[in-house]
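Below is one structure, written out as structure tokens, with a few remarks after it.
The values are calculated or read from the model by the stated rules, or taken from the named source; none is laboratory data. Treat the numbers as computed from the prediction; the structure is a model and nothing was measured. Note that we place each Cβ from the backbone using ideal geometry, even for glycine, and neighbour counts take in every protein chain shown.
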Amino acid sequence: MKKVILSIVMVAFIFNSVPAFAQYQEPEMIADVLVVRPVSLAAIVVGAAFFIVALPFAITSGSVETVAQTLVGEPFRFNFTRPIGDFSKGKAEPYSMPSVNSQYGESERKGREGR
């Protein structure tokens, strides 16, 4: 019974917040907040689960970065870096992970190697 009441209260809060978007009168923004963002969040969770399953195979093939980018990175950027209601960008820009050595400057790295 508590779950039913909690669900009704959550739906009421969601529909109560919709008038806040009424000043823009853009159905894309409302659809983005109420449908696309929650589905994208679920896609991140599912992608992370698939990434964990695929990780042993990705390690042996040397494609961990590509697999992580595809299954977790792209859904994450789509959900958290895209402006609300903006679907014009299409696919997210690829993100390249910095290498471990790139955190040190060239001169500092040479100094460490000389020791």
* Does segment 47-68 include one or more residues that are modelled with pLDDT of 85 or more, outside any loop (DSSP other than H, G, I, E, B), of a type outside the set (Lys, Arg) and under 26 Å from Glu28 (Cα atoms)? -> yes
* Identity of the residue in segment 24-46, under 10 Å from the mean Cα position of the chain (by Cα) and in contact (Cβ under 8 Å) with a residue 12 or more places away in the chain, that ends up surrounded by the fewest Cβ atoms within 10 Å (Cβ to Cβ) -> Leu41
* surrounded by fewer than 13 Cβ atoms within 10 Å (Cβ to Cβ), part of a loop (DSSP other than H, G, I, E, B) and modelled with pLDDT of 85 or more, is that true of Pro83? -> yes
